[in-house]
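Enquirer: Here it is, the structure in full.
The values are calculated or read from the model by the stated rules, or taken from the named source; none is laboratory data. Only a predicted model underlies this, so the values are computations on that prediction, with no experimental measurement involved. Heads up, the Cβs are rebuilt from the backbone with ideal geometry, glycines too, and the neighbour counts pull from every protein chain shown. Keep in mind that these areas ignore ligands, DNA and RNA; they rest on the heavy atoms of the full protein, side chains included. Shrake-Rupley method; radii C 1.70, N 1.55, O 1.52, S 1.80 Å.
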Amino acid sequence: MTGWFSTDTDTAGVVQVALPLPLDQLFDYAVPVELASAARPGCRVRVSAGRQRHTGLIVASGPSEDADTAGTSDLKSIEAVLDAEPAMSVSLMEVLRQEAEAVLCPIGIALHAALPPGSAPQALRGFEVTPRGRAAAASGAVASDFAKLLDVLAAAPRTEAELRRVTSATPDALAELKRDGLIRDAILERGPRVKPTRVRVAAVAPGIDVDAATEDALSRASKQAALLRRLAELGPTPIATLAAEDARAPDHLRALVRRGLAEVREEIAALDAALPASSERVELTPEQRVACDAIGTAVDERASQTFLLHGVTGSGKTEVYLAAVARALAVGRQAIVLVPEITLTHQILGRLRARFGDQLAVLHSGLKPGERLAQWERLRAGQTPIAVGARSALFAPVQDLGVIVVDEEHDGAYKSEEGFRYHARQLALRRATADGCPLVLGSATPSLETRHAAERGRIAHLRLTHRVGSQPLPAVTVVDLVRERAAVPRGRKLILTSAMLRGLRETLDDGAQSILFLNRRGFSSQIACFACQHVERCKHCDISLTYHAAAQRLRCHYCDYEMKPPDVCTACGAEDSALLGIGTERLEEEVRTHFPDARIARLDRDTAGRRGHTESVLQGLHDGSIDVVIGTQMVAKGHDFPGVRLVGIVNADMGLHIPDFRASERTFQLLTQVSGRAGRSDTPGRVVLQTWSPDHYAIAPVAHHDYERFYAEEIGHRAALSYPPFGRIGMIRLSGPDEGAARIEANALADVARAEVATLGGEVLGPAPAPISRLRDRYRFQILVRHREWARVRDILRRVQAVGAQLPKDLRCHVDANPYDML
């Protein structure tokens, strides 16, 4: 562990420290003389605040503006500096400070969200032996059990948990030894809770002439010579990789090490989670060349220009991203590539690795803590110039960005809904501006805010209007479920229509692949009583329980509460019940019934939790070993599998009628995206779309891949109601265990907001119960604030936030200056 620890009371100045506390301020600390050279902005430090010790981050040198200038005598001192080199650059800290201020997040919480969890050294409470205790142990004046405990502590201070592992220490025994003055409390410095994942690699020893060695020293050791040549070809290679190629490779490697021809060392592990991809360069289309030239010029000129790369599905947006990254690397700069879903990192990784080798690191929440820290350390050490991952990859410790790419920029997953409630698109814009580099926002279905900004000329609009190779977009057949339902005998559940079944059969007969999309996991969406229509609901949330057939359990998808399906109705005692609605489990059962010989896989949040399952399914689509994939939105976005001929959308209306002003936009985007997975090879694809609302303006344009038709309709609705992009919305959410108390305080907060509106203008809506009115045993109320200016929305929310901070501890008030989750 790296660290410098204070032992002196003399100080050499003051620093401002951000702490992970819900207080929007920096804290002044004195710097001991011996820590003066180490206490630099961006370094983590150990400090005490109140009765607690915290890991803080030095933001700036010198006292804060409102600090008492009389001196540092009353200030607490830094106890330890935990980093040999800054963990965060001054530039990134400033970007995060700006975003934290914009979204009303305390700066300490925002900055700590950007650091790998568990990577800082720990300060733990423990015990150490006193001089009196040493003397007592040496003289034999204590009981044998106590003597052993004192001997252990004499060797080194220990935590209580460590003592229990090696002695019979009990809390009572430790308390008695403290009372007798034989031991005392101590703060113990320990290494980080998380260690970077490391791997043993082999390489040719420095200064070795491989040709000469293989002809001379290894002339009679052909296996060793072959391995040495292989190492020269591959460069530093994990020993496990060599062993996978040849089981005897470790033995040959040991012999090479003894001869001084090879060396073995530990390195931070690089992830290998990429799907195979061709490294062959493709000829760009004219539209791609225009886009690449525009972005490349911005890279060369260090221009912080934003581009909307608006391309239909299959138009080659990824190839433009690769060209932009290559241009950045060519001028000695770095790149960040964002994707909205962890599942999409496998494919983009394959493309990037095929083009740039191992010059990349992966950052997302699906990694093990040690893997994530290893990737962060590789970037921090400058070992790789490319960071790729989900929204948290924006925190990558790269120093000189040449380009930032946000793929599928419209996706709601880019919005953080907990703690630091940033939107990756806005944070990427701030980072690109600070680093002087272009920001590329790519999508086949841009968000209305981004499309409107392009229309107004605030960002550059680059278009890819045709698929690569002049492939046609898939033909879409819209199936009206109202008419289909009328033709189905009463009592029979309608899941797959005749058009869908026919499409699946024809695709299977042709040896091609299909994707069936249903954005609801589980077997059935609810279990209901025939007699009284009671629906089994979560005991902690205002939501129905979903039946999961594989586990034979009813499960809440919000709090994970689960129960065994009851034998009788819990409301009236009747025995007859029905499974209503369908999920991906039930759909899988239906497909297997119709096509028992088909190779079928399911990809949803339930199955993706099994490590390696997602990669296995995507690999099966890639190599043709799977015929039909059934999935939720995890299969809808960004994937490029040439064998997929048919996409079946089982229920297009799901999500269309939820109480959210973005519901129509999200529905259109999701349906267009999943439709675009079909027909990406030489053979045209097709889509069968089942819907109860074929004439809805969010569904009808999907049949013709007509984004502009949808945009024109939806932008008109937004303008009439002053919804984004024509106005801004802020949300106040209050929750508590008692419904009445929460309602009273929600009304009081609404009154505070209305008082501000009386001065600043705007409108306050609510309070009203949230669409999900109870979640995890907490009753939830929402208040919406509308205003044409975002600054005014923030001013109103800031005042409410200050009042909400004074509420009783069992009530929680959260404000969101840019809400995406309206439920």
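Enquirer: Taking only pairs six or more apart or across chains, which ones have beta-carbon atoms under 7 Å, a first residue in the stretch 585-597 that is in contact (Cβ under 8 Å) with a residue 12 or more places away in the chain, and a second residue that is hydrophobic (A, V, I, L, M, F, W, C) and in a helix (DSSP H, G or I)?
Expert: These pairs meet every condition: 594/501; 595/504; 595/508.
Enquirer: Which one of the conditions (1) open to solvent by 10 Å² or more (accessible area, probe 1.4 Å); (2) farther than 19 Å from residue 443 by Cβ; (3) not in a loop (DSSP other than H, G, I, E, B) does residue 664 fail to meet, given that it meets all the rest?
Expert: (2)
Enquirer: Right, here's the next one. When both residues are 6+ apart or on different chains and their Cβ atoms are under 7 Å apart, which pairs have a first residue that lies in the stretch 689-718 and is farther than 10 Å from residue 478 by Cα and modelled with pLDDT of 95 or more, and a second that is among the hydroxyl-bearing types (Ser, Thr, Tyr) and surrounded by fewer than 19 Cβ atoms within 10 Å (Cβ to Cβ)?
Expert: Note: pairs meeting the criteria are 710/697; 713/697.
Enquirer: Taking the stated definitions as given, is residue 610 touching a residue at least 12 places away in the same chain (Cβ under 8 Å), closer than 18 Å to residue 341 by Cα, of a type in the set (Lys, Arg) and out of contact with any strand residue (DSSP E or B) (no Cβ under 9 Å at 6 or more places or on another chain)? Don't jump to the end; show me each part of the working.
Expert: Numbers: touching a residue at least 12 places away in the same chain (Cβ under 8 Å): no; closer than 18 Å to residue 341 by Cα: yes; of a type in the set (Lys, Arg): yes; out of contact with any strand residue (DSSP E or B) (no Cβ under 9 Å at 6 or more places or on another chain): yes.
No; evaluated as a whole, the condition is false for this residue.
Enquirer: Looking at (1) farther than 19 Å from residue 520 by Cβ; (2) buried (at least 21 other Cβ atoms within 10 Å of the Cβ), which is the only condition residue 635 fails?
Expert: Single failed check for residue 635: (1).
Enquirer: Right, something else. Of everything in the stretch 526-567, what is open to solvent by less than 30 Å² (accessible area, probe 1.4 Å), assigned to a loop (DSSP other than H, G, I, E, B) and modelled with pLDDT under 75? Give them in sequence order.
Expert: The one that is open to solvent by less than 30 Å² (accessible area, probe 1.4 Å), assigned to a loop (DSSP other than H, G, I, E, B) and modelled with pLDDT under 75: 549.
Enquirer: Would you be able to say whether some residue in the stretch 606-619 is in contact with a helix residue (DSSP H, G or I) (Cβ under 9 Å, 6 or more places away or on another chain), surrounded by fewer than 20 Cβ atoms within 10 Å (Cβ to Cβ) and at positive phi?
Expert: No, there is no match, as no residue in the stretch 606-619 is in contact with a helix residue (DSSP H, G or I) (Cβ under 9 Å, 6 or more places away or on another chain), surrounded by fewer than 20 Cβ atoms within 10 Å (Cβ to Cβ) and at positive phi.
Enquirer: Answer with yes or no whether residue 421 is of a type in the set (Lys, Arg) and in contact with a Pro (Cβ under 9 Å, 6 or more places away or on another chain).
Expert: On the way: of a type in the set (Lys, Arg): yes; in contact with a Pro (Cβ under 9 Å, 6 or more places away or on another chain): yes.
Answer is yes for this residue.
Enquirer: Please determine, by comparing only the residues of the stretch 70-94 that are within 17 Å of residue 19 (Cα to Cα) and not in a loop (DSSP other than H, G, I, E, B), which one is most open to solvent (accessible area, probe 1.4 Å).
Expert: Here the residue is 90.
Enquirer: Take the residues in the stretch 199-253 that are open to solvent by 30 Å² or more (accessible area, probe 1.4 Å), aliphatic (A, V, I, L, M) and part of a helix (DSSP H, G or I); name whichever of them is nearest to residue 374 (Cα to Cα).
Expert: By that ranking, first place goes to 240.
To keep it simple, each residue is scored yes or no on (1) among the hydroxyl-bearing types (Ser, Thr, Tyr); (2) open to solvent by less than 10 Å² (accessible area, probe 1.4 Å).
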position: 310; (1), (2): no, no
position: 321; (1), (2): yes, yes
position: 324; (1), (2): no, yes
position: 328; (1), (2): no, yes
position: 331; (1), (2): no, no
position: 341; (1), (2): no, no
position: 349; (1), (2): no, yes
position: 352; (1), (2): no, yes
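Enquirer: Quick test of your reading of the structure: residue 592 fulfils all but one of (1) charged (D, E, K, R); (2) part of a helix (DSSP H, G or I); (3) crowded, with 18+ Cβ neighbours inside 10 Å. Name the failing condition by number.
Expert: (3)
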